[in-house]
1. Using θ = phi - 60° and the Karplus relation 6.51 cos²θ - 1.76 cosθ + 1.60, list the HN-Hα couplings for the stretch 97-114 in order, rounded to whole Hz, with x at every Gly or Pro.
2. Roughly how many nanometres apart are two label points built 7 Å out from the Cα toward the Cβ at GLU259 and HIS60?
3. So what is the calculated 222 nm ellipticity per residue for the chain, using -39500 (n - 2.57) for each DSSP H run with n of 4 or more, over all residues, to the nearest 500 deg cm²/dmol?
4. Say we join alpha carbon atoms closer than 10 Å with springs in a Gaussian network model of the chain; which of LEU147, LEU266, LEU298 then has the biggest fluctuation?
5. Could you tally the net charge around ALA101, taking each other residue with its Cβ under 12 Å from the Cβ of ALA101, Lys/Arg +1 and Asp/Glu -1?
6. Compute the helix-to-body angle for 142-154: its Cα long axis versus the longest principal axis of the chain, expressed 0 to 90° and rounded to tens.
7. Calculate how steeply helix 272-284 sits against the longest principal axis of the alpha-carbon atoms of the chain, using the helix alpha-carbon long axis, and give the answer as 0 to 90 degrees to the nearest 10.
8. Relative to the present Cα-Cα distance, how much length would full extension add between SER68 and LYS7 at 0.36 nm per residue of separation?
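What follows draws every value from the coordinates through simple rules; no lab data is involved. Since we're looking at a predicted model, the values are computed, not measured. Reconstructed Cβ throughout: ideal geometry from the backbone, glycine too, with neighbour counts over all protein chains shown.
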Amino acid sequence: MKIDTYKLHRVHLVLPRPIGDSQVRFTDHWLTVLELATNSGLTGLGFELQQGSPTPTLEHLTVQFECSEWPVLRGENRFSAALRMDRPRGGNVGVGAFSLAVETALWDLMAKSLDLPLYKLLGGTDPKVRAYGSTLDFQLDDDEFRLRLEEFQQMGFRAIKIKVGHPDPDWDLRRLNLVHEVFGKDVDLMVDANEAWSPKETIMRTHLYRDSGFEIFWIEDPITRHDYAGYKILTAEIPFTRINTGEYVDFTGKRHLLENGAADVLNLSGSIGATRAAACLAGDFGIPVSIGNTILELGVHLAASLPECLYLEFSDLPWNRLAKQPVRFEDGWAIAPDRPGHGIELDRDALTEFSQPS
Ligand SMILES: [Mg+2]
């Protein structure tokens, strides 16, 4: 089977409300959509996201792709390129690494050529994965935040993650209280500080939350990403809340976290290959993982294939408008599509509507 043509699309999605955390604020998503087609009639579909600033024009994206990735992809039986490992030494490091869009499209093609849903190709047997609603709410006022919570509650979620890390601890407590008002206390409540604090501030805040009646399922990225010594202190000193980290570090950083006893839950997302390698490493340390937001929720296939994935994140973002049949979320579960490949087909009308070549 031969990959013989490709198509790129530059997509601009204006978010219905700003998203963000204690450090950043975004109002737009820029997606690069890649279709790789074979001479046997299969198409693999992959995506890349840029938040905030626009991607280069379609013309520039095309030149870049033609120069770097297309020469490696075109031709006979190139699917296995997604599985290759680079020699991790000297000038070889990172050379020839595929973009997420290419890697995703190749996995989609591999699964389609075997007529298997992607999660089954990855060894999964159950398409259902526990999911949590993630409000990305730091930029929202209390009324808007409550509305978001109510929407997730109506969708059937029984686990929710909110942003904390406001300079005023009372702000955090007010937001936590709103979660209890909407969901009651029978909810897995996670918080994400996005590196807002020092280790000492983290200990003070987690005690404050607890003393104020909030049981926190996990606290995510409370301190700076490479402070392994700090994370080790937090996992030891805070026995009543899991420390979730790893989102901001590469494979080596994840290994350092695990070796230092610096994470209770390892946060993964992005590349299928790198995520599975990191999950395997986490398993060796007896540490469960979680899967963060992935474009068009494709992480559901990863989550369904990992034996120790606690939760998959869902933020209900407009990228799902590009899908004919988006990944389903029901009663707090994500359900991996049982169609061949990753199961996401482009809605051509939506693609036309949101395409912005220049
Ligand atoms: Mg996070």
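1. Taking θ as phi minus 60°, the curve returns 5, 7, 5, 4, 4, 5, 4, 4, 5, 5, 5, 4, 5, 4, 5, 5, 5, 9 Hz for the stretch 97-114.
2. Each label point lies 7 Å from its Cα, and together they span 3.9 nm.
3. Numbers: 12 runs with 120 residues, N = 358.
Value at 222 nm, helices only, nearest 500: -10000 deg cm²/dmol.
4. LEU147
5. On the way: positive: LYS7, ARG10; negative: GLU35, GLU48, GLU69, GLU103, ASP108.
Local charge sum for ALA101: -3.
6. 60
7. Roughly 40 degrees between the two axes.
8. Values: separation 61, 0.36 × 61 = 21.96 nm, distance 1.51 nm.
Difference between extended and current length: 20.5 nm.
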